[in-house]
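Comments concern the structure below.
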Amino acid sequence: MIELHINGQQFSFDSTDVETLEQALSVYFENKQQSTFALALNGEFVGKEAYKNTRISTGDSIDIMFPIQGG
Amino acid sequence: MSLNIYGQQLDSRLLIGSALYSSPEIMKKAILASGSQVVTLSLKRQNPNENSGAKIWQYIQETVAEVDGHLLPNTAGCKSAKETITLAKMSRELFNTNWIKLEVIGDDYNLQPDPIELLTASEALIKDGFKVLPYCTDDLVLCQRLWDLGCEVIMPWASPIGTGKGIMNPYNLETIRLRLPQATLIVDAGIGKPSDACMAMELGYDGVLLNSAVALADNAVSMAKAFSLAIQSGELGYVAGIMQERQTAQPSTPTLDTPFWHQPGTNS
């Protein structure tokens, strides 16, 4: 098992299914077409083009951000 | 006269926020009534499976497209340069803009910007190709440092965010204007009444950024229009050249040939 903190909540995934960011998002998102978000891994921005090749480890923290109204 | 933001010429000198409106529909109507071509928005952690922000995002996109405007993402909630830089990079990817309204909060009580972290974040982001619009206090030296780093647009506060107290220190804002004549200066935060925005323009500012003053009005759409007119009026007055204040009264009606019965020392 691999344990990840996503938006402050803890999730456990089968480590054979989830080795990269892209795979983690595929498991986490119900809507697989979701694209209106940006992401940070352990506090560092990761661009969409890098999801496929960014490996993740147990204990990693992922922040997934969406647009909201702001002043 | 147009507002210059990093080479983009905008007809409206009002920049408006997208938060706190009673509904997305009112938000859209208010933004359209304001005439603004720059709309601020933000990023927040959300459960993607709830998708609660999708509708508001759709409205903001539609509104900005309708006015051929620009998105101005902010870094609200950040308290360190590191957080701010990360959020700015996320915003650039998601909103496809290198404009960033830089907010680094230093104190939770009055939401006062942290000048040290703000300078650090500004320097790093400018080197990374961002067009930084820093939200800062009305501190002359801080504004000069931001200008020296390459911030062509600087946004000192009128008073703390959301207070509606108006311009606390006109002298400070006026001094920043005098000392940074080449900078695009925008008063950001604390505006409450249309007359506050008019005053900012009369001080020679290039624009005003506000949100709460419109969104929390009883009639947000009318208030948006009121701010638009106040800003136009203030700018027109500044450009027209405001008269020098005088210490003594001066009659505005010519006294030459005043009828004799009004002469001092005479009895009527």
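When residues of region A:14-39 are filtered for being more than 26 Å from B:Gln58 (Cα to Cα) and modelled with pLDDT under 90, how many remain?
Residues that pass the stated criteria total 4.
Here are B:Gly129, B:Gly207, B:Gly190: which of them is small (Gly, Ala, Ser), touching a residue at least 12 places away in the same chain (Cβ under 8 Å) and surrounded by fewer than 17 Cβ atoms within 10 Å (Cβ to Cβ)?
B:Gly129
Are there any pairs, at least 6 apart or on different chains, whose C-beta atoms fall under 8 Å, with the first in region B:217-239 and closer than 22 Å to B:Lys29 by Cβ and the second at pLDDT 95 or above and aromatic (Phe, Trp, Tyr), and if so, which?
Going by the 8 Å Cβ cut-off, the qualifying pairs are B:Ala220/B:Tyr21.
Can you list residue pairs whose Cβ atoms sit under 7 Å apart, with the first residue in region B:26-53 being more than 21 Å from B:His70 (Cβ to Cβ) and the second being surrounded by 19 or more Cβ atoms within 10 Å (Cβ to Cβ) and of a type in the set (D, E, K, R)? Count only pairs 6 or more apart in sequence or on different chains.
Note: pairs meeting the criteria are B:Arg45/A:Asp63.
Please work out if B:Glu93 is outside any helix (DSSP H, G or I) and charged (D, E, K, R).
no
Go through region B:102-207 and tell me which strands (runs of 3 or more DSSP E), entirely inside it, have 2 or more residues that are within 26 Å of B:Ser80 (Cα to Cα) and not aliphatic (A, V, I, L, M).
B:131-136, B:184-188
The values are calculated or read from the model by the stated rules, or taken from the named source; none is laboratory data. Because the structure is a prediction, the values reported are computed rather than measured. Cβ sites come from the backbone with ideal geometry, for glycine too, and all protein chains shown count toward neighbours.
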